[in-house]
Amino acid sequence: MDIADTTYLLNSFIEAIARVTSYALTDREKESVVRGFRQFHQRLERISSSTSLRQLAIESKKRHDDTAKCHHEGKTCPQNAIRGFIKAFVVGFAVKYGLDTAPHLVSLRLFTQPSLLLRAISRDTLSFASFLSAVIGSYKAFLCAMRRIHGGKGNDYTNALVAGMLSGLIAIKLDRNRSRRAAITLYMVSRALQYGCVWLFNRWAARRQLKKDTIRGKAMKRAHSEISMASPSGHSDLRMSAAGPGNSPSARVKWSPETVDNSKEAKRETSNEEVTRQITRFVRNHAPTALLSVSVAVIVCTLVFHTDVIPRGYMNFLSRTAGYERFYPRKAPIALKTIAYDIRRGYETGNQLNSRVPQGMTTKEHMSTIPIARDIIGALSDNIRHDYTACGIFHPKTSSCRVGMLSTALHCFPIALKVYMPLNAAVLVLFKRGQFLKDPRGMLLKLLKSSARSSIFFTLLVTGIINGACGMRRLFGRETYFGYIAAGLLSGLSVLVEAPSRRVELAMYCFLRALESGWDVGVKLNWWANLRHGEVALFSAAMGILMTIYQNDPTTIGLTYHSVLTRIFGRN
């Protein structure tokens, strides 16, 4: 078949497609499509010579080679970046718009004030959409550029690192909401630390395994060499006999794994392997629990002694869930500041027992001597006396710490259940519909079990923090900073109630808050200072680390988070 016949068949195919497409279009759209096909037909006729087709084939092959180098089939590099930018902008805009309009839809305000739909299209919405599209679009563009400059397959560690850092450097400044920008930065930093540590640990374990295999291989060669020297025929199962005394005719030289493992290097490696196994077991089983306990201790100390650095929204959330709001409406921060003031006054005066309520005085009378506590005195009873000022603040309606602990638990469990039941139900509907349709009864039981388990964890955590501090006061006989640290560490062990698969996520959430709180406390105490554009540098570094791991070692990242990254960034 010559070129003329090929061109004729191609023209016929295009005309057939144009005819079929015309049935689905309006007259105006039909005219536009027909005009486009005519222009394409004229262009095809101009390049129908063999020389032009050959040149077209060369250009097509070159584009295919460039695309193969960048691993995005079916798209050129500009198309890959532009499509990612547009798709991310639309998705980011839709998500932010939906989040802004959802509360009005639930409260039915949209039906009485339809103008709220237009108000949701705000500068903040456009800012978030621009940030998300810049992250994805610029990352794809920089990754393609680095692959062309630095190399393609086999060099993606450097390519992804540089592309991630440059895209983060550009994108984070497009989000004008400072609080959201800080929250996104902290989240990315915590994830980068999590998966960066996992990646380093896996590399360390792989290197140790390679070293072990190398030593074992050398020992095998040495054993085989010794056997070959002892046996004329070189066979390991040859019976050897000698006339000398002490040599039995039945003695045999035989190779076996035990022969290899008798070397000093193998024994030392076996000992090191056991140490590695113990470390691996600890990291997998106990590292999330340890991280959560330390994070909770940091948050508790910040909450009690440096209340002013806690964000208002987070403080309101803690006040509602811990039950302070029912005792001190809109004044929970003052109650916590009263505890800090009382402890600090005891340390400054050298009388750490000063936080005790004096004999013969009620808690209300004692707290009237604390200037900062005047706004919360109304919540205290006139006839109740607590042993310590903090006990009077934590459970003002009873002098018994045990009764206060029971009251806190009964208050927290229903609140936690109201949070976890809708959350787990939403996960079931969105991600496990197929399993629910196959076994509705079993999935409902799992839903109830998971919600009850998480609610118990949250109740134990809050109760342990509040009433654990009461126990530490009685243990040490006074208020101490260490008492609150110990209460936080011990209450963090409540995460053991949760499923092992959820402990990591809970630990990372608390670690995120502890990281923010610890940094703010350090700035307040002048241990370090906020750096200009510091969050930009942190976000850039976190993006570089995450993209490097995602691009080259995706199995390091958890399945759920990896699927989210794949949906956002695609397969590059």
Within the stretch 324-340, the residues that are open to solvent by 50 Å² or more (accessible area, probe 1.4 Å) and in a helix (DSSP H, G or I) are GLU325, ARG326, LYS337
Answer yes or no as to whether LEU512 is among the hydrophobic types (A, V, I, L, M, F, W, C) and open to solvent by 20 Å² or more (accessible area, probe 1.4 Å).
yes
Exactly one of PHE457, PHE413 is aromatic (Phe, Trp, Tyr), over 22 Å from the mean Cα position of the chain (by Cα), under 30 Å from GLU479 (Cβ atoms) and not in a loop (DSSP other than H, G, I, E, B), and that residue is PHE413
Need a quick list: helices (runs of 4 or more DSSP H) entirely within the stretch 81-185 having at least 3 residues that are more than 20 Å from GLY544 (Cβ to Cβ).
109-112, 116-119, 123-150
Restricting to the stretch 278-296, count the residues that are among the hydrophobic types (A, V, I, L, M, F, W, C) and buried (at least 22 other Cβ atoms within 10 Å of the Cβ).
2
Condition check for THR321: within 25 Å of ARG513 (Cα to Cα) and open to solvent by less than 40 Å² (accessible area, probe 1.4 Å):
yes
Going residue by residue through the stretch 238-254, is there one that turns out to be at pLDDT 70 or above and over 30 Å from ALA145 (Cβ atoms)?
no
Within the stretch 352-361, residues touching a strand residue (DSSP E or B) at 6+ places or on another chain (Cβ under 9 Å) and either open to solvent by 10 Å² or more (accessible area, probe 1.4 Å) or at pLDDT 80 or above (or both) come out as ARG356, VAL357
Going through the stretch 362-415 in order, the residues found to be over 18 Å from LEU336 (Cβ atoms), loosely packed, with under 14 Cβ neighbours inside 10 Å and in contact with a Lys or Arg (Cβ under 7 Å, 6 or more places away or on another chain) are ASP382
Go through (1) surrounded by 16 or more Cβ atoms within 10 Å (Cβ to Cβ); (2) without any contact (Cβ under 8 Å) to a residue 40 or more places away in the chain for PHE539 and report which single condition fails.
(2)
For GLU479: the one exception among (1) acidic (Asp, Glu); (2) surrounded by 17 or more Cβ atoms within 10 Å (Cβ to Cβ); (3) not in a loop (DSSP other than H, G, I, E, B)
(3)
One residue is enough: does the stretch 494-509 have a residue meeting the conditions of a type in the set (Phe, Trp, Tyr) and either more than 22 Å from HIS286 (Cβ to Cβ) or open to solvent by less than 50 Å² (accessible area, probe 1.4 Å) (or both)?
no
Counting only residues in the stretch 163-197 that are of a type outside the set (A, V, I, L, M) and free of Cβ contacts under 8 Å to residues at least 24 places away in the same chain, the one least open to solvent (accessible area, probe 1.4 Å) is identified as CYS197
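The values are calculated or read from the model by the stated rules, or taken from the named source; none is laboratory data. In this text, all values refer to a predicted model and were calculated from it rather than measured experimentally. So basically every Cβ, Gly included, is an ideal-geometry build from the backbone, and we count neighbours across all protein chains shown. Heavy atoms of the whole protein, side chains included, go into the accessibility calculation; ligands, DNA and RNA do not. Shrake-Rupley method; radii C 1.70, N 1.55, O 1.52, S 1.80 Å.
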